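Okay, structure first, notes after.
Laboratory data are not the source of any read-out in this text; all were calculated from the coordinates shown. All values derive from a computational prediction rather than experimental measurement. Note that we place each Cβ from the backbone using ideal geometry, even for glycine, and neighbour counts take in every protein chain shown.
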Amino acid sequence: MSNSDRYARLFEPVKIGPLTARNRFYQVPHCCALGHIRPQAHAAMREVKADGGWAVVSTEETEIHPTSDISPYAEQRIWDERDIPALKLMTDAVHAKGALAAIELAHNGNHAGNLYSRTPPLGVTDMQVDIGYPKQARRILKKEIKAFRQWHRDAALRAKAAGFDVIYVYAGHRMTLTHQFLLPDMNTRIDEYGGSLENRARLLQELLIDTREAVGDTCAVAFRFAVDEMKGPEGMQASEEGRAVVEMMAELPDLWDVNVSEWDNDSLTTRFEPEDGYQVKYMEFVKSVTTKPVVGVGRLSSPDMMLSLVKRGVMDFIGAARPSIADPFLPNKIQNGEIESIRECIGCNICVSCDNIGIPIRCTQNPTMGEEWRQGWHPESIPKKQSDKRVLVVGAGAAGLECTMQLAKRGFDVFLSEKSDTAGGRCLRESTLKGLSAWRRVVDHRVHEISQQANAQIFWDSDLSPDEIIELECDDVIIATGCHWRNDGVGQHQALGIPGLDRLNVYTPDDVMDGTKLPGHTVIYDQEQGYLGGVIADHLATTSKALSFVTPGSVVSAWTTYTLEQARVQKSLIEENVNIVANKRIVRASEGGVTLRCVFTEQEETLQCDNLILLTQRAPNAGLYNELKAVIDAGGKASMPSLHLIGDAEAPAMIVDAVYSGHKMAREIDMDAAAIDAILYRREIPSLSS
């Protein structure tokens, strides 16, 4: 049986109210930090999803009114008619590729600080806003609920005018006023909108009916609902009130889009939930309650799992946010029998972090994500070469692999030299740590793709010298030799390093990944405050009974707040009995311990230890580049290659940045400087009209 026959069920058309989706692949709403600020970039990104075979392509949450202003985050807006042209860019682009366009209407209640509109936030009751700003939402009055229903109805009509096919009523993630009305720990009202579940669900029912009356003749009405808060008896559960809500409104929407709450549960990383399809157990009852089609999510990547879910009647649509980001062409690849070419989501939540930081979306697996409009990048096509250059890439880490793969796809003769006998660099090494095994997907995908290219060759155990590189007579040499962790304590706060380290057993994450055993009491000093310090601690805690984690930050791995992991990281270390010492810097080492200094008071204390692991700063492995540059600058040969430095060897960062650097190099190798600069300066500039 061919793959196209095997997975034929996934490509059946499905009715959604008055509409028909061309297959069962549904890109559910997800944020991208493009929104109303960058409408052309947003349209181009969603267009690629439609081009890749997704039958329905959704926006992110879309503010319906100035009282739901979630600035500074760049989501969509549909406050009034002036927003329609920008939104129409997306619907036109999606329709041109044969997909339906969906819009997620949202009023964020106490999740909206209204920091731009400066109007008091509206909540189901008087309560603190949850965006980290010292401000309260006020209780929405009954007469204002009537106005709220009109705002939602007007937004639905504007969405229809903008060309959207599927209009959402959204009650999820504790982020919307509609969901906040449902939850008893938030809704303490004593009127007909509070108390019993029937009363708490009243507004939702009204909105679903209002939306159908407004647009249901030609548009489908979708209901996005979080059936379980994953809090057990302390929150809404799928087995109790979650199910009751579905039963109560079973036939009101044209489509059920079901997930869990809050966002950190809905978008769990593989570090804390390695299994794809982890949400299925919460939502599998829905199809037994409603006759309407159901879409579910849970980082679904396996075509066999997708097929099983459809055959078992768990869901009608395979929903995806992160997998559609990692590979916008996932549906087409399944249909065309190109399953081995799918870029599987690694569940790192880099995409999520971008929205939390307020920068355009990006992806570790897919370096074109967010660059579809600005740079004109496409995940499955790359311009053919404009010359007959022979290219040597040195280093088979994330940057080198991506660069080699794309150069080969462009048609260049490319040689990849790796001094070890395996590919992957730090990406592969980090994948050996607890919770990061999915990191290996970054390596496996690229090694597979390179193996399919006849014009690409990999040379293992090849530690080339500058003279040997020159003798190869390649036109371009790209150095992607990565970086290493410093063991001298040099970092952001200590430019001269930490004195006394020669009197202590000092290690780095590189040593841990090499399998070095550390008997006795170990101190991890995480000055970087990224993700890796917490990973190292969690990894060692499984075997070490004497472990301390020291950080200048107030929490462990502060950066992971953006990837929605920080609470789980810290909880894990606490449960492993790791001694967490926050707000302290190591200022010197001595035999048997380190001296800590409070970042606020400068008060000092001593912490005894046998071993010290430093995460302060990384050093680029640029030695080969510098030696080769010196040879090239000195001349003496008839022909010298052009020399380039990419990835961590140029500037250590995250794996997503290394992949992007390699991809960018492959595209720019035969571009002139003016063309490269033109892309660098390209941006969307708002109109000055009011």
Open item on the list: Using only DSSP helix segments of four residues or longer, with each worth -39500 (n - 2.57), what per-residue ellipticity at 222 nm results for the chain after dividing by its residue count and rounding to 500?
Closed with: -8500 deg cm²/dmol
Open item on the list: For the chain, take the longest principal axis of its alpha carbons; what is the angle in degrees between that and the long axis of helix 566-575, to the nearest 10 within 0 to 90?
Closed with: 70 degrees
Open item on the list: What distance in nm separates the two pseudo spin-label positions at E234 and H493, each 7 Å out from Cα along the beta-carbon direction?
Closed with: 3.1 nm
- [ ] State the Cα centre-to-centre distance between region 137-175 and region 351-404 in whole Å.
- [x] 38 Å
Open item on the list: Give the aspartates and glutamates whose C-alpha is closer than 17 Å to that of K385, dropping any in the same chain fewer than 8 places away, or say none.
Closed with: E402, D413, D475, D476, E668, D670, D672
Open item on the list: At 0.36 nm per residue, and after removing the present C-alpha to C-alpha distance, how many nm does the segment from A678 to S642 gain when stretched out fully?
Closed with: 10.8 nm
Task: Cα centroid separation - region 1-44 against region 288-338, whole Å - done: 10 Å
Open item on the list: Would any residue of region 442-469 have its amide N under 13 Å from a label point 7 Å out along Cα→Cβ of K419? List them or say none.
Closed with: 461-466
Open item on the list: What is the sum of charges, Lys and Arg at +1 and Asp and Glu at -1, for the other residues whose Cβ falls under 15 Å from the Cβ of V14?
Closed with: +2
Task: Distance between modelled label sites at D633 and E338, nm, 7 Å Cα→Cβ extension - done: 4.4 nm
Task: Centre separation in Å (Cα based) which lies between region 191-270 and region 450-511 - done: 52 Å
Task: Charge-dipole axis of the chain as Lys and Arg at +1 and Asp and Glu at -1 on Cβ define it, positive-most pick from Q452, P121, I342 - done: P121
TODO: Report the relative contact order of the chain, percent, no decimals, based on alpha-carbon pairs under 8 angstrom and at least 6 residues apart.
DONE: 11 percent
- [ ] Based on the mean of other Cβ atoms within 10 Å per residue, sort peptides 150-158, 605-613 so the most packed one is first.
- [x] 150-158, 605-613
Task: Cα→Cβ-extended label distance, 7 Å offset, between S554 and D80, nm - done: 3.9 nm
Task: Theoretical gain in end-to-end length, N199 to N505 [0.36 nm per residue, Cα-Cα removed] - done: 103.8 nm
Open item on the list: Can you give the FRET efficiency to the nearest 0.05 for K311 and H95, using r as the Cβ-Cβ distance and R₀ = 30 Å?
Closed with: 0.50
TODO: Assuming R0 = 25 Å, can you tell me the calculated FRET efficiency for the pair S71 and N356, based on Cβ-Cβ distance, to the nearest 0.05?
DONE: 0.95
Open item on the list: With both bridge residues required to lie in the chain, what share of the DSSP beta bridges run antiparallel, to the nearest 5%?
Closed with: 25 percent
Task: Charge-dipole axis of region 557-683 as Lys and Arg at +1 and Asp and Glu at -1 on Cβ define it, positive-most pick from I679, L607, V581 - done: I679
Task: Rg over Rh [alpha-carbon atoms, Kirkwood Rh] for region 3-357 - done: 0.94
Open item on the list: Can you compute the FRET efficiency between Q40 and K281 using 1/(1 + (r/R0)^6), with r the Cβ-Cβ distance and R0 = 41 Å? Round to the nearest 0.05.
Closed with: 0.55
Task: H539, H445, H493, H107 arranged by Cβ crowding within 10 Å, fewest neighbours leading - done: H493, H539, H445, H107
Open item on the list: Test of understanding: what is the full-extension gain from D388 to A454, defined as 0.36 nm times their sequence separation minus their Cα-Cα distance?
Closed with: 22.2 nm
Task: Residue exposure sequence - S661, S302 - by fewest surrounding Cβ within 10 Å - done: S302, S661
Open item on the list: Quick check: convex hull of the Cα atoms in the chain, volume per residue, rounded to a whole Å³?
Closed with: 175 Å³
Task: Bridge type composition, region 486-619 - antiparallel percent by DSSP, nearest 5 - done: 40 percent
TODO: Any chance you could give the angle, 0 to 90 degrees and rounded to 10, that helix 39-51 forms with the longest Cα principal axis of the chain?
DONE: 90 degrees
TODO: Using the structure shown, list the pairs from K333/K409; K419/K629; K15/K287; K434/K545; K311/K434 with a Cα-Cα distance above 25 Å, or answer none.
DONE: K311/K434
